[in-house]
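Structure record follows, encoded as structure tokens.
The values are calculated or read from the model by the stated rules, or taken from the named source; none is laboratory data. Just so it is clear, the structure is predicted and the values come from calculations on it, not from any experiment. Ideal geometry is used to build each Cβ from the backbone, glycine not excepted, and the neighbour counts take in all protein chains shown.
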Amino acid sequence: MFFLRSAFWLTVMFVIIAPKDGDLGRDFGHASQAAVAIGQKALVEHVLRECSFLECPDGKAALAVLSPTPLPSTEASPDASILAPIPRPRPDRMG
């Protein structure tokens, strides 16, 4: 019964306090887009701070995130245009 009364009063207070002309879906959408943009910027700054030249695999991966077009290849093979880190294999004990 405690949870039912708490949920009821929280709902009532939200209806009273909530903004009448606000669109929460739009506001949360803008907030999430801003958070993703800030995260991408921080990641690129961190990667470029550690590796200042484009031959670094991390630098190419960071530029691939920001670049809408694929980066030109510096090597002869077309499938090696962007070098990215490969995740480590799972340990045997994890199946």
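Name the residue, out of PRO89, PRO57, PRO85, PRO72, that is surrounded by fewer than 10 Cβ atoms within 10 Å (Cβ to Cβ) and at pLDDT below 75. If you could, list the steps in order and put the result at the bottom.
Details: PRO89 fails: at pLDDT below 75; PRO57 fails: surrounded by fewer than 10 Cβ atoms within 10 Å (Cβ to Cβ); PRO85 fails: at pLDDT below 75.
Selected residue: PRO72, the only one of PRO89, PRO57, PRO85, PRO72 that is surrounded by fewer than 10 Cβ atoms within 10 Å (Cβ to Cβ) and at pLDDT below 75.
Have a look at VAL47, VAL12, VAL65 and point out the one that is surrounded by 10 or more Cβ atoms within 10 Å (Cβ to Cβ), modelled with pLDDT of 60 or more and touching a Gly at 6+ places or on another chain (Cβ under 9 Å). Spell out the reasoning first.
Working: VAL12 fails: touching a Gly at 6+ places or on another chain (Cβ under 9 Å); VAL65 fails: touching a Gly at 6+ places or on another chain (Cβ under 9 Å).
From the options VAL47, VAL12, VAL65, the qualifying one is VAL47.
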